[in-house]
Amino acid sequence: MAIEIVVPALGESVTEATVGQWFKQPGDAVNADEPVLELETDKVTLEVPAPASGVLADIKVPQGTTVAVGSVLGSIREGAAAGPSASKPKTAPPLAATRLAEAPAAPAAPRTAPGANGDMPPAPAARKLMEEKGISATDVQGSGRRGQILKSDVIAAAAKPASTSAPPPDAAPAQARADAAAFAPLASSSAPVTAA
């Protein structure tokens, strides 16, 4: 009997997610509550566990696809792991340990660095998109709470051409000096001001 893997409830205001990565492929043995795939939202990246033990029968939604809460992502055949693939669960823990060992090797600075205009780090989906597009957090104007950079902010920043018409960095001080020079005769005037 096939058991469906569905998109879980993601939060009060979150209605959709993007399939980030499948940890298992069709035919791989899975244990109940073992992570099968990763979903990404603007707010969080989460792992979806297997609803039962068995063999991953199929993947209905490929990586990078946006799905709604409750959508079917794939299915698991129950009890199929007891057959010829019984040796696969013995290889699964080292793969999980390898995946955990690789996670710290990822660059941690973008994950914990605050946004350019706020004290919040970029949202997980925004951080991943910035890494893919080669965009720095300082190049993106965050529109989220406390200046957090959201995925839509990164998309907007990637769509903008590089700014080449920026004023010279010393333009503001030069204007301030000109303004000060214009008001200098007034400040040095020794004539008393009398009320009429």
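Each value in this text was obtained by applying a stated rule to the coordinates, not by laboratory testing. Keep in mind that this is a model prediction, so the values were computed, not measured. Using ideal geometry, Cβ is built from the backbone for each residue, glycine included, and neighbour counts are taken over all protein chains shown.
Go through K60/K151; K43/K160; K24/K60; K43/K128 and tell me which ones have a Cα-Cα distance over 22 Å in this structure.
K60/K151; K43/K160
Residue by residue through region 127-133, which ³J(HN,Hα) values in whole Hz follow from phi under the Karplus form 6.51 cos²θ - 1.76 cosθ + 1.60 (θ = phi - 60°), with glycine and proline marked x?
Listing the rounded values in order: 4, 5, 5, 4, 5, 5, 8 Hz.
Taking the simple approach of a point 7 Å from Cα along Cα-to-Cβ for both V14 and Q63, what is their distance in nm?
2.0
Counting only other residues whose beta carbon sits under 14 Å from that of A9, what net charge do I get with K and R as +1, D and E as -1?
Residues near A9 contribute -1 overall.
List the GluC sites (Glu not before Pro) within region 1-39 that fall in a DSSP loop (any state other than H, G, I, E or B) and whose Cβ has at most 11 other Cβ atoms within 10 Å. Walk me through the numbers before you get to the answer.
Details: sites: E4, E12, E16, E38; in loops: E12.
Within region 1-39, the qualifying GluC sites (Glu not before Pro) (loop, at most 11 other Cβ atoms within 10 Å) are E12.
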